[in-house]
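Where a number appears in this text, it was derived from the coordinates with a stated rule and is not lab data. Fair warning: this is a prediction, and the values are worked out from it, not measured in the lab. Quick reminder, even Gly has a Cβ in these numbers, built from the backbone with ideal geometry, and neighbours come from all protein chains shown.
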Amino acid sequence: MERAKDNFEKEGKEIYKLIERLYPICRSITGDGVRETLDIIKKIIPIDIKEVPTGTKVFDWTVPREWNIKDAYIKNSKGEKIVDFKKTNLHVLNYSIPINKKMNLKELKQHLFTIPKHPDWIPYRTTYYKENWGFCLTHNQFKKLKEDTYHVVIDSTLEKGHLSYGELYLKGKNKDEVLISTYLCHPSLCNDNLSGVGLTVYVALLLKQMDLKYSYRFLFIPETIGSITWLSRNEDKIPNIKHGLVVTCVGDRGDLTYKKSRKGNAAIDIIVEKVLTDSGDKYRTIDFFPLGSDERQYSSPGFDLPVGSLMRSFYYDYPEYHTSADNLEFMSSKHLGDSLKKYIRVINIIEGNETYINLNPKCEPQLGKRGIYDMIGGEKTVDLTAAVLWILNLSDGNNSLLDISIRSKMNFEQIKNAADILISKKLIIPKDG
Amino acid sequence: MERAKDNFEKEGKEIYKLIERLYPICRSITGDGVRETLDIIKKIIPIDIKEVPTGTKVFDWTVPREWNIKDAYIKNSKGEKIVDFKKTNLHVLNYSIPINKKMNLKELKQHLFTIPKHPDWIPYRTTYYKENWGFCLTHNQFKKLKEDTYHVVIDSTLEKGHLSYGELYLKGKNKDEVLISTYLCHPSLCNDNLSGVGLTVYVALLLKQMDLKYSYRFLFIPETIGSITWLSRNEDKIPNIKHGLVVTCVGDRGDLTYKKSRKGNAAIDIIVEKVLTDSGDKYRTIDFFPLGSDERQYSSPGFDLPVGSLMRSFYYDYPEYHTSADNLEFMSSKHLGDSLKKYIRVINIIEGNETYINLNPKCEPQLGKRGIYDMIGGEKTVDLTAAVLWILNLSDGNNSLLDISIRSKMNFEQIKNAADILISKKLIIPKDG
Amino acid sequence: MERAKDNFEKEGKEIYKLIERLYPICRSITGDGVRETLDIIKKIIPIDIKEVPTGTKVFDWTVPREWNIKDAYIKNSKGEKIVDFKKTNLHVLNYSIPINKKMNLKELKQHLFTIPKHPDWIPYRTTYYKENWGFCLTHNQFKKLKEDTYHVVIDSTLEKGHLSYGELYLKGKNKDEVLISTYLCHPSLCNDNLSGVGLTVYVALLLKQMDLKYSYRFLFIPETIGSITWLSRNEDKIPNIKHGLVVTCVGDRGDLTYKKSRKGNAAIDIIVEKVLTDSGDKYRTIDFFPLGSDERQYSSPGFDLPVGSLMRSFYYDYPEYHTSADNLEFMSSKHLGDSLKKYIRVINIIEGNETYINLNPKCEPQLGKRGIYDMIGGEKTVDLTAAVLWILNLSDGNNSLLDISIRSKMNFEQIKNAADILISKKLIIPKDG
């Protein structure tokens, strides 16, 4: 894919625009906000939208009721809306039960959430599996509250309905597949995780135009319950999954971070780290741990899928995480484009890696007579010659191009290009026919 | 064992008192000093006292004659005792043959040992396997010696008798056993190794009150010849030994030092290092080497037992080693207590480690409905949740709680406590029934 | 070989003298220069000189025509020789076709090679596999060239003939063999590689006087085509080769550098690194890469021989490489001797390494009664005791003396000496009879 060399600036800007459009929608793990988001995605890539009924058993869990909300506010005794869902959906404790009640400050305070350390930010909080209601507000707002009679209204519904998710399957030459999973249950938060949604859309869009060796499956799901639901309904497909990535927090200005798969040395781990090393950019890797996002489910011991997660700033490290400060300004289209580039490079290795056999294994073949390099000897050998000699030397059937690029410390693309020359000169052939 | 969390201050003081009582006794590899020491131990824990006759073949060695001593001194021509065994038994070259002879300074000097670098300290020297006699004195004493006729008396006996040692076997549920070995042949030296004797007594005393999974064998032996003798008489028991520690130098104020087993990565090595890491205290590890104490014999290639040695200051590193400066002041009851704590924690892991199977291996079980954690989402997960998720994720039958605590970098006790909760919720069961 | 302890100063001087004699000869991959060089070597060690006819197929290659040269120069229009082969053979592009032609400066310049960065040095350049002619000169000479009519003469021949190389086989007790390969195709260059030729001659000379366990094969060949030719004619011998070294650049004043074999952890890699560690000298190791010298061919995937290369300064790192500055002054006899010492120590380990069995595997044997160490106990153990105990402890059949010397961090020679004592005391015997 020749695109791998540019910086995907155009796509970065398009992803940013998509995020701007998705930002105001109030999403949760179920409900119309998710459906509206999926409909917008479907206009760009041909996802299937799946609806799983409330009450469906999914392993140890049950698909929950559908949550929808029209309005919510707190009024003081003067009738002034002092907290208003219409200003930002983060003001409501996500998945709150309906309420319409007057109460004093003491009672109200038991349902208010703030971040004292960042008094201008609104926290993002949820109550999925425990019936409750509440409001999230800035600590500055909170400090101004006086003794009063407050009128609290949450005009939400919790009813039988469906859990909605999107799925796109791109069929490649092989049934072996790559899982690209992202979550769309968060309301007005950008980096976590509209950035992941947007980037995944564009990975799919680019791959749709390619002849693919692997098949690719893209999931747009609510976090945790979505991956559990998908896994419970698709156990037959699980053996096909050879590599996977959870896409999250890919839009901020931080360096890239790779959270390894549970195995720690799966092919995906080696590939992503090679992409990051080749890039020359600063990056860090984090060993797998069983908190985080949907890799928790993909990596549960009954599946143990090789699924990592490639992000920019590590979610537990940046203070804006799960607050109103994770907004459009927190991201940049340039960094979205750069993240996309890294994902595409990962896919380029997945697609382009192969093991070859040197057809002249005894001593080097005479490259000069085949016009491969400058035949004036005695000069320092250039990179292409080095790449050619590395491939010839290591193509004994035990080393893939990726292995060779790692051992030689050369970029995968340099090795891949040299391999293409050697194939054309009939000096190497694929191990598997 | 809930005691693991305190600092064993009370026991530290009791060990110190026991050492004070044992300190003046003149011990050697055989003789009444050893018997007197064993008799005092027997008043605290029910050891068996074994007597092995002189001349018994023990592998390549022979049980030596019994050495006993009543008195020893050097008198000058004025009849003044210038070196006197009654002041400290270190003055006599341990295992000296009897002598009663007048001689000039030149002859005498061939039998005197000092430490020029520490002119106030008396060295501790022995002559077990070569007939000789001698006196150890401070270098300051030595420098004052003038030409004179000296009367040298060592009123010792070397006669057929027995080699004495103590043994205590605590039977646990399994016949697999843990060997705790310490040596008691040194005379008036504290850290090396009355500290080891005292600590071992108290480990035994604490374990005697517990329901044990493993069986424990405590040995109080003379160094080298004692372990050789025990091994030669107990070859049938050797296959049962799964873990072992040689207890030495555990009373000084230095940081803990762990000398690994010959294997280097035996379970005992991993367990001790985990205890030390969990403690947060400074420590160091030393790879096995075939010098040192009785681990030399336990680790000989015909046995290769997984026996390490957990001490405080490494014996070859502190200048007081094998000198009169290794006295009561050189130790502290606080550090004896701390050493005991570490030994008990090692035993807590040996006893508490187990491999479990997650009964819900496909995706996470829904912890919320089981009341395991606060159901308000969105907050940073606390340690208990992390421990629970680590156990669930890794309990695929390949990882023990110890493995999990190491991979998660959590304390073994945190993991063990979380496992107990999961057992009670029927989410995990022991792998072996 | 007791010689291992000296610094081989005498041999260093003799090697230097041999290089002085070989320096002026104009060598190439074929021709009389190679023959003259081999004839001089044959006066010191009894090599066989092999002649392989032009046109012989050797794997993917063909033995080239023989190149010989009588004279070469560039004359200006005044008839002055401004570049003269008689001053140094580096002036001619090695393997140039004959030419006798007048031309202007522009045409001439297409055949001139210089080093702008080092304007006083003449580069060394070749044109083995592409018909061409040319001259190499200093950049200062080049800058003085003015528009003129130049008379260019290269009185060379390229005719059917032979490729010549030298081979010496020293038969040891085993048919397992050690390959020591060096190349002699370079003309007036010293470190690269008359130093290698000279050192190899003296390794062979010293080994010829020894009773050898391994057989040794010494090759004096033109680089690349020589090793390809030898391999293609000797495939039956390849399975015998257990260790190998390519000897190059061993005369300069730099620290030693070891380029590892393709396997990276072959016995030769471990042995050479142990020799370098034991020496206490600064050194560095370089992982295998498929450029460099004849190890490229020995390590091709069809052979994958365990062949490393022990040199001083790494050839790609020093600016004098492949220039007229790689002359006699660039080397020192002291460093040639030191390199020889290291090669001999490598051979001492190859010859002296053995796995033994401790005949008293249960506990230590009683060393005192066998007179092995000072029987006064209590002192710090000296090195010999440590070596003895390490050997006894690890001689369970799984550890060679080399393994023991590495694990104990003791010099191989200390361990070897201690092993000889234990053999004499019948405490250990060779594993293989």
Quiz item: Which shape class applies to segment B:68-159: rounded if a/c is under 1.5, otherwise prolate when a/b exceeds b/c and oblate if not, where a ≥ b ≥ c are the square roots of the Cα gyration tensor eigenvalues?
Solution: oblate
Quiz prompt | Which of C:Ile225, B:Ile19, B:Ile429 has the fewest Cβ neighbours within 10 Å, and the rest in rising order | solution = B:Ile429, B:Ile19, C:Ile225
Exercise. Just need log10 I(q)/I(0) for the protein assembly as shown at q = 0.05, 0.06, 0.07, 0.08 Å⁻¹, Debye formula, equal scatterers on the alpha-carbon atoms, no solvent, rounded to two decimals.
Key: -0.58, -0.81, -1.00, -1.12
Quiz item: Against the longest alpha carbon principal axis of chain C, how many degrees, from 0 to 90 and to the nearest 10, is the axis of helix C:412-424 turned?
Solution: 40 degrees
Exercise. Could you please state, rounded to a whole Å, how far the C-alpha centre of segment A:268-305 is from the C-alpha centre of segment B:116-194?
Key: 59 Å
Self-check item: Calculated label separations, A:Asp317, copies of the chain, 7 Å along the beta-carbon direction, nm
Solution: 3.4, 3.4
Exercise. Treating the angle as unsigned and between 0 and 90°, give the value, to the nearest 10°, between the Cα long axis of helix A:333-352 and the longest Cα principal axis of chain A.
Key: 40 degrees
Quiz item: Counting other C-beta atoms within 10 Å, which of A:Thr157, B:Thr127 has the fewest, and how do the rest follow?
Solution: A:Thr157, B:Thr127
Exercise. Report the FRET efficiency, 1/(1 + (r/R0)^6), for C:Asp155 and A:Ser424, where r is their Cβ-Cβ distance and R0 is 45 Å, rounded to 0.05.
Key: 0.60
Quiz item: If you take the square roots of the eigenvalues of the alpha-carbon gyration tensor of segment C:170-260 and sort them as a ≥ b ≥ c, do you get rounded (a/c under 1.5), prolate (a/b over b/c) or oblate?
Solution: oblate
Quiz item: Calculated FRET efficiency, C:Asn7 and C:Asp211, Cβ-Cβ r, R0 22 Å, to nearest 0.05?
Solution: 0.35
Practice problem: In debye, nearest 20, what is the charge dipole magnitude of the protein assembly as shown about its Cα centre with +1 on Lys and Arg Cβ and -1 on Asp and Glu Cβ, if you could check? | Solution: 440 debye
Quiz item: Among A:Val201, A:Val178, C:Val153, which comes first, second and so on when ranked by fewest other beta-carbon atoms within 10 Å?
Solution: C:Val153, A:Val178, A:Val201
Practice problem: Between copies, how far apart are the B:Asp148 label points? List them in nm, one decimal, shortest first, with each point 7 Å from Cα toward Cβ, please? | Solution: 10.1, 10.2
Quiz item: How far apart are the A:Lys10 label points across copies, placing each 7 Å from Cα toward Cβ, in nm, shortest first?
Solution: 7.9, 7.9
Quiz item: In degrees from 0 to 90, rounded to the nearest 10, what is the angle of the helix C:383-394 Cα long axis to the longest principal axis of chain C?
Solution: 80 degrees
Quiz item: Which whole number gives the average, over all residues in B:393-405, of C-beta atoms from other chains lying within 10 Å of the residue C-beta?
Solution: 2
Quiz item: How much FRET efficiency would the formula 1/(1 + (r/R0)^6) give for C:Glu107 and A:Leu384, where r is the Cβ-Cβ distance and R0 is 35 Å, rounded to 0.05?
Solution: 0.75
Exercise. Find the percent of Cα-Cα distances in segment B:355-430 that exceed 15 Å, and round it to a whole number.
Key: 49 percent
Practice problem: For chain A, with a Gaussian network of springs between Cα atoms less than 10 Å apart, report the residue from A:Gln414, A:Gln366, A:Gln297 with the top mean-square fluctuation. | Solution: A:Gln366
Quiz item: How far is the Cα center of segment C:241-267 from the Cα center of segment C:332-372, in Å?
Solution: 21 Å
Self-check item: Residue closest to axis [chain C; rotation mapping onto B; Cβ; Å]
Solution: C:Asn265, 11
